[in-house]
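Chemist: What follows is a structure written as structure tokens; I'll ask about it next.
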Amino acid sequence: MKASDILLPLWETMKGILPLTGIMLIVQIVILRKPINNIKEFVIGVLFASIGLHLFLKGTGMSLIPLGETVGRNLYILDRRWVIILMGFVIGYFGTLVEPALRVLALEVEELSVGAIHHKVLIHGVAAGFGLGMGIGMFKIMTNTPYIKIIAPLLFLVVLLSFFAPEPYPSIALDSASATTGPVNIPLNMALAIGLASIIESADPLLSGFGVVGLTSIGAMISVLILGILTKF
């Protein structure tokens, strides 16, 4: 393997990080006129972030995405829809538990609520909602149900629950939906959905395989809102 085969992909990853870093530096130094406390640590941190993101993307492309597609194609041989839906829930649930963005959000919520909302409760609540959305997505693909017939009732349920959930749970629900769409869940669950859609004769992978991420995000919102309502009792 040539050095260019390693350096060129790494440079492509750094081109996504360096502009953002440059903008933040301009804001910090030029606009706010504040110094960088530890320049050496900052430079090393940027280098580590670039290498880490590059290795993660490379590893995801080599493992999670192919594995997700393979599992999705092979799930249909189980010939029991409820088992496939359950497997979708389990994969979605455990995939959400390792999302770094969700963990950061949960810790921030726990700190700001002075421990009233424990981070583990929020993480597992969001994971359950994400898994539910993944299960609904599997059902949608297998039954070839139009997306609007599933998304419209779920959105109505979100609006309805938001009237009953105390503050700040509706706001936390919105942020939780975004936090679940991270570097672990998106490649794995999209690959799983597309793999399942590709093996079903009546399903078009392009039409049926996409939209699952939206359903999982809505599922996460619903679970957080229900968690908020339960805190009243």
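Derivation of every value follows stated rules applied to the coordinates shown; laboratory data play no part. Everything quoted here is computed from the prediction, not taken from an experiment. Note that we place each Cβ from the backbone using ideal geometry, even for glycine, and neighbour counts take in every protein chain shown.
Chemist: Is it true that Lys40 is in contact with a helix residue (DSSP H, G or I) (Cβ under 8 Å, 6 or more places away or on another chain) and either under 15 Å from Asn189 (Cβ atoms) or of a type outside the set (Ser, Thr, Tyr) (or both)?
Modeler: Against the criterion (in contact with a helix residue (DSSP H, G or I) (Cβ under 8 Å, 6 or more places away or on another chain) and either under 15 Å from Asn189 (Cβ atoms) or of a type outside the set (Ser, Thr, Tyr) (or both)), Lys40 does not qualify.
Chemist: One residue is enough: does the range 73-95 have a residue meeting the conditions farther than 25 Å from Ile199 by Cβ and crowded, with 19+ Cβ neighbours inside 10 Å?
Modeler: Within the range 73-95, not a single residue is farther than 25 Å from Ile199 by Cβ and crowded, with 19+ Cβ neighbours inside 10 Å.
Chemist: For the range 134-157, state whether one or more residues are within 12 Å of the chain's Cα centre (by Cα) and not aromatic (Phe, Trp, Tyr).
Modeler: yes
Chemist: Can I ask one more? Mind checking whether some residue in the range 97-111 is under 21 Å from the mean Cα position of the chain (by Cα), outside any helix (DSSP H, G or I) and within 21 Å of Ala193 (Cβ to Cβ)?
Modeler: Within the range 97-111, one or more residues are under 21 Å from the mean Cα position of the chain (by Cα), outside any helix (DSSP H, G or I) and within 21 Å of Ala193 (Cβ to Cβ).
Chemist: Would you please name the residue that is surrounded by the fewest Cβ atoms within 10 Å (Cβ to Cβ), looking only at residues in the range 96-131 that are β-branched (Val, Ile, Thr) and over 14 Å from Ser217 (Cα atoms)?
Modeler: Top of the filtered list is Val114.
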